[in-house]
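The values are calculated or read from the model by the stated rules, or taken from the named source; none is laboratory data. What you see is a predicted model, and the numbers here were worked out from it, not measured in a lab. Virtual Cβ from ideal backbone geometry, glycine too; neighbours counted across all protein chains shown. Heavy atoms of the whole protein, side chains included, go into the accessibility calculation; ligands, DNA and RNA do not. Shrake-Rupley method; radii C 1.70, N 1.55, O 1.52, S 1.80 Å.
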Amino acid sequence: MTSELDIFVGNTTLIDEDVYRLWLDGYSVTDAVALRVRSGILEQTGATAAVLQSDTMDHYRTFHMLERLLHAPPKLLHQLIFQIPPSRQALLIERYYAFDEAFVREVLGKKLSKGTKKDLDDISTKTGITLKSCRRQMESCSVAQAGVQWRDLSSLQPPPPGFRDYAAIVFFANNRFETGKKKLQYLSFGDFAFCAELMIQNWTLGAVDSQMDDMDMDLDKEFLQDLKELKVLVADKDLLDLHKSLVCTALRGKLGVFSEMEANFKNLSRGLVNVAAKLTHNKDVRDLFVDLVEKFVEPCRSDHWPLSDVRFFLNQYSASVHSLDGFRHQALWDRYMGTLRGCLLRLYHD
Amino acid sequence: MPGKLKVKIVAGRHLPVMDRASDLTDAFVEVKFGNTTFKTDVYLKSLNPQWNSEWFKFEVDDEDLQDEPLQITVLDHDTYSANDAIGKVYIDIDPLLYSEAATVISGWFPIYDTIHGIRGEINVVVKVDLFNDLNRFRQSSCGVKFFCTTSIPKCYRAVIIHGFVEELVVNEDPEYQWIDRIRTPRASNEARQRLISLMSGELQRKIGLKVLEMRGNAVVGYLQCFDLEGESGLVVRAIGTACTLDKLSSPAAFLPACNSPSKEMKEIPFNEDPNPNTHSSGPSTPLKNQTYSFSPSKSYSRQSSSSDTDLSLTPKTGMGSGSAGKEGGPFKALLRQQTQSALEQREFPFFTLTAFPPGFLVHVGGVVSARSVKLLDRIHNPDEPETRDAWWAEIRQEIKSHAKALGCHAVVGYSESTSICEEVCILSASGTAAVLNPRFLQDGTVEGCLEQRLEENLPTRCGFCHIPYDELNMPFPAHLTYCYNCRKQKVPDVLFTTIDLPTDATVIGKGCLIQARLCRLKKKAQAEANATAISNLLPFMEYEVHTQLMNKLKLKGMNALFGLRIQITVGENMLMGLASATGVYLAALPTPGGIQIAGKTPNDGSYEQHISHMQKKINDTIAKNKELYEINPPEISEEIIGSPIPEPRQRSRLLRSQSESSDEVTELDLSHGKKDAFVLEIDDTDAMEDVHSLLTDVPPPSGFYSCNTEIMPGINNWTSEIQMFTSVRVIRLSSLNLTNQALNKNFNDLCENLLKSLYFKLRSMIPCCLCHVNFTVSLPEDELIQVTVTAVAITFDKNQALQTTKTPVEKSLQRASTDNEELLQFPLELCSDSLPSHPFPPAKATSVDYSSFADRCSSWIELIKLKAQTIRRGSIKTTMTVEKASPVGDGNFRNRSAPPCANSTVGVVKMTPLSFIPGAKITKYLGIINMFFIRETTSLREEGGVSGFLHAFIAEVFAMVRAHVAALGGNAVVSYIMKQCVFMENPNKNQAQCLINVSGDAVVFVRESDLEVVSSQQPTTNCQSSCTEGEVTT
């Protein structure tokens, strides 16, 4: 006796969250059944393995049919074939567009066109995420990038919580930030997402002009051009000395690593200002994080600055500029340094 | 020219890409009705076209309005080649033809293509202007309402129930016409869909005409089926019950509403009649006068004294005069005569209803069934479908005579079905023999009906169980006892029916789904030889199915089956039998005895041991089941039951027959002969297997119940969550081990596994009950078995269940006490019995009394009858009961509506095979939904194999049903049924085809919690002057 056909269709489409998870994670039906058995569901419900197999197949088939709709979430809301309560629809979309940080960390800053099979293969072996799941996540990233447009259409719904993270992914992809270098490996996706959010809030066109789409993914070109003006802070020897003395006076006795700071001040300041000045070139924008780590994080770390000292220093460093009489670009400095300070603090860890 | 149909095409969305180059579509729409076609403009380069067309107007006969569907075709414009069809929408405009139903059809419809499935949606608005009073036109029957629901629809009241209407139309199947060889599969499928749509329109119109002739205005329990006879043609047939229905004007007026249909019904007359006790208003019509003279109040004094005590001594007269059932007093005879005369005007006194207005069902008989094996031949003249008509007439005649032999004049819960394999066709009909109250069957004014019903007073809860036939002249051997409820009338020990459990019946514990499953191998044969082989097998199949049912019923510790449906399916090399029913423990019937196993070789010690081991297992199972289903009837001592009734005359006649093409009616004696107890003899391995298979049925996991009737006996506190589903399984048998046993085991496993899967899938709804579980078996190919299940899972409140299950028992005890005050002092004892500790030891009587089950386990008909209870109780008493009952109803209502309904979302269309929606009130019926779809694929693998293909198709069918209901302005389909799901595959060619036919009633429902708001406001308006009250109702 072999089963030829075995289906279950409900008027309201049944969604089993656990099976959905397994499906999203790219497990085959056989693996999913094995995992479900291991979860002890048979004992809880008194079902047999055959029942579980049939149930899993059924859910997989439903998800497979839903996938077409999930690629364009507004379609899922208006389609008539599957009757799914709104809360469930939201869950479906949210989960479908959720991603593994490990995966995203790998593709962060890379082009989001569908990765070649080999790329995905590499990522899959490296992260232990199934190839299927990698492919789905890659696709959802490109869906998110290609659109954001469906967000407007689905405005009936609040954006899924994971959407902020997509902003980061798309922002990184658009600006092609380098994140794969060895010295950046210690940074997590969370670190980058944090930085991305700060930058989106302060450094993009949308940040200054509320008319623009608040999801604007491009840096404010004018702002980047202007940043060249900051160079005076390190180019003008007097200004640099004055800045140093202001910071040193304020921090004397408060910093555990005062002497190291004093010795390194000019190097650090030069580093931070030069990063700003370089941002006019696209190529250098890509290296932003490499530069920040090289020019600031690593020197501080080699001198064993505690995080609190870094915070003190950066606060004082940015504030003292206001007391420099000869410096006219206070607003520009604040826009730049305010964001950078947040980023650096986040990036500063082992 | 009495009608103008107006159609407007608004917009489309999610259209498929038809032009690969631009990834867009240039869509336009053709609107066709009859032979007239209109076109919209082409909307260039869009997947979401906005046509916003003018109103297309069709001026048509109302006959056409009824027959023809509106056909909307969406096409892609192509300048250089032929336009490509994207898909079609068929809209049945019938709901627009009756005044109370929908006024406009407007909404998004899925665009359906038989090859590609749903491809986008189209927004359409349809209206109909009717010019004349349509009832004057005899060719059309506009205005006759159709309901699939097999009870009187919720917001209507039955004035008269006229009776059986049937019709069939035949045609050539386009799939088998010569032209099919040259046209595309799509064209062929569409021709078929269109033809069937036309034929069902025509059928409905013809049935409507018959209803008008009977002076009715509605068809209830309308069941339409297709017989795909292949080469020999296509038959569309329908049966139904003609009624005159009255719309209840203000639904808020009879709040509080109940979930159960008949409870509502009960309250209606009392609320509508301002003065229930006035008998002074003299009867105005002769008919009324006639019935009035039989009114219980008049015969009360005469009857009450004699019938209680002298029942068994009541002289039996008129034996052998043809009409059976002569017992009862003069009233009985009069009632009988009257019923008879009312019913004998009709050719077939059949009713497709399964639930009835209170008082309608006076005497319920047992199951009557008839089957006939026919050889199909080409239908030569489609306009004169005489052969098919004759076949059915023959079967109905048989059913009628069976019912008559049982002392019943009517058949209720009647249904017909066919099973076709190649050129052999099994026609089956079954129903429940019954005696009905004539008052609903006659013409009379509304007031007359109401008045009579009040006088007559409500039948007792046990009434319908009492035997309708004469105990000294029983049509089959049965063991009778005095009714355990009223102690006055006699009841059989087991009762089988095809109807739903009457809502006022007293049930102990809960019910459960009971299935008998059976396969029999058959040699492949041709034509006549094949038909003979099948008719030879049928009696054995029926016998075994019945034995299995009886055994399983006893194993559950229950004594009655409701909703019995036996399906015999014929295949190339086997016959399958599947019987489903809901077992219950009726308080009025005696406690079922156990099952005893007897070995044939008593000398073998180890064998003996084995037998006793089995016996123990069976006893344990019975005990376990009793606990599981909460069956703990109050014990009754021997003296109360009274002296055992004298053994009935030995006369076993099987009222069931298989007639071959030769019309020969076989009468079989299937009784086991005289035996002392219900004994299973284990004389060979086969029998052993049988016993084993009895024990393999696993009860549903805790928190689950299942039944195949409308509502689960013993549960009445439904919460609002429902989930309707369809599940299909096909298994392939390995041809090597095809023995009857292996086959049986496979089939049994298939059904059991299917049920287990359902329980697992729906585990999140616990506690819940699967209601209206409907299994359909088909044998699409040699070694394939297909089982289709449609059911609805309904959640219920477990805590309340405990309280409410008690109430019916208590109520019944109260009832019993009021009924029997004069008789004996036992009511007190009974009351004490409701306490957990039983003062009485298990009565010896049970083992003695049920000693002859075997005599009747084979007999097909189990009978019940309501004695003239009405006579014994005055109308005053009834009024009291009603008053007493209403506060309880109030309380229940409040409790039930307490849980908030979480899922009141927009655009959701509920579907259910039941006639009601738990926690909600149906406020309007919008019309019948009857849809037929074909889906075909030539890329089976790409669509996910057979499972993927069928899964998608069924989901699409649901979607199309929901869309049509939503367009009518409804939010639910009740009495939904998937009548056909024919699936054929050819994996080698990568092809598959499936036909699905579904129907149901589109309705508007309002949540009870919403209604409560209305009703709480209602009293304030009612308190004001009567003139404002009038305004409220209008």
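Share of Cα-Cα pairs in segment B:36-92 beyond 19 Å, in percent?
Details: 645 of 1596 pairs.
That fraction is 40 percent.
List the residues of segment A:1-47 whose accessible area drops by at least 30 Å² when all protein chains are present, compared with their chain alone, using a 1.4 Å probe and counting only protein heavy atoms. Residues passing the criterion (a loss of at least 30 Å², heavy atoms only) are A:Met1, A:Thr2, A:Glu4, A:Leu5, A:Asp6, A:Ile7, A:Phe8, A:Val9, A:Asn11, A:Leu14, A:Thr45. Mean per-residue shielding of peptide B:942-953 is 4, counting Cβ atoms of other chains within 10 Å of each Cβ. Between helix A:189-203 and chain A there is an angle of about 60 degrees, using the helix long axis and the longest principal axis of the Cα atoms. Peptide A:62-73 shows a mean partner chain C-beta count of 1 within 10 Å per residue C-beta. Decide, for segment B:471-628, between rounded, prolate and oblate: order the square roots of the alpha carbon gyration tensor eigenvalues as a ≥ b ≥ c, take rounded if a/c falls under 1.5, and otherwise choose prolate if a/b is larger than b/c, else oblate. Since a/c reaches 1.5 but b/c is at least a/b, the shape of segment B:471-628 is classed as oblate.
Across segment A:18-79, Cα-Cα pairs more than 13 Å apart make up 63 percent of the total. Each peptide among A:321-333, B:960-972, B:535-547 gets the average number of other Cβ atoms lying within 10 Å of its residues, and from highest to lowest they stand as B:960-972, B:535-547, A:321-333.
With the simple spin-label model, which puts each label point 7 Å out from Cα in the Cβ direction, the B:Ile766 to B:Lys524 separation comes to 4.7 nm. Among B:407-413, B:992-998, sorting by the average number of other beta carbon atoms lying within 10 angstrom of each residue, highest first, gives B:407-413, B:992-998. Per residue, the convex hull around the alpha carbon atoms of segment A:239-319 comes to 85 Å³.
Apply 1/(1 + (r/R0)^6) to the Cβ-Cβ distance of B:Ile182 and B:Glu386, taking R0 = 41 Å, and write down the FRET efficiency to the nearest 0.05. Display every interim value, and only then the final one.
Details: r = 32 Å, r/R0 = 0.79.
With a Förster radius of 41 Å, E is 0.80.
For n ≥ 4 DSSP H runs only, could you compute -39500 (n - 2.57) per run for chain A, divide by its residues and tell me the 222 nm figure to the nearest 500?
-19000 deg cm²/dmol
Averaged over residues, the count of other Cβ atoms within 10 Å places the peptides B:618-624, B:158-164 in the sequence B:158-164, B:618-624, highest first.
Potential lengthening of the chain between A:Asp303 and A:His78 amounts to 75.1 nm, from the contour at 0.36 nm per residue minus the alpha-carbon distance.
Peptide B:761-768 is shielded by partner chain Cβ atoms: per residue, an average of 3 of them sit within 10 Å of its Cβ.
For A:Glu94 and A:Gln201, the FRET efficiency from 1/(1 + (r/R0)^6), where r spans their Cβ atoms and R0 equals 22 Å, is about 0.40.
Rounded, prolate or oblate: which fits chain A when a ≥ b ≥ c are the square roots of the eigenvalues of the alpha-carbon gyration tensor, with rounded for a/c under 1.5 and prolate only if a/b beats b/c? List each step's numbers first, then the result.
Details: a/c = 3.10, a/b = 2.27, b/c = 1.36.
Prolate, because a/c is 1.5 or more and a/b exceeds b/c.
Going by the alpha-carbon gyration tensor, a ≥ b ≥ c the square roots of its eigenvalues, is segment A:5-49 rounded (a/c under 1.5) or, if a/c is not under 1.5, prolate (a/b greater than b/c) versus oblate? Judged from the Cα gyration tensor, segment A:5-49 comes out oblate (a/c at least 1.5, b/c at or above a/b). With the simple spin-label model, which puts each label point 7 Å out from Cα in the Cβ direction, the A:Glu294 to B:Trp55 separation comes to 7.7 nm. Computed from the alpha carbon positions, the gyration tensor of segment B:5-45 leads to an equivalent ellipsoid with semi-axes of 25, 10, 8 Å, biggest first. Note on B:Val982 and A:Asp334: their simple-model spin labels are 8.0 nm apart, each label 7 Å out from Cα toward Cβ.
I want to verify a result. In a Gaussian network model of chain A, Cα cutoff 10 Å, which of these has the top mean-square fluctuation: A:Tyr20, A:Tyr186, A:Tyr97? Answer for the Gaussian network model of chain A: A:Tyr186.
Going down the table (B:Lys524/B:Lys552; A:Lys75/A:Lys110; B:Lys6/B:Lys88; A:Lys228/A:Lys254; A:Lys110/A:Lys283), which pairs top 23 Å between alpha carbons? Please list the in-between numbers first.
Details: B:Lys524/B:Lys552 32 Å; A:Lys75/A:Lys110 29 Å; B:Lys6/B:Lys88 18 Å; A:Lys228/A:Lys254 32 Å; A:Lys110/A:Lys283 14 Å.
Where the Cα-Cα span goes over 23 Å, the pairs concerned are B:Lys524/B:Lys552; A:Lys75/A:Lys110; A:Lys228/A:Lys254.
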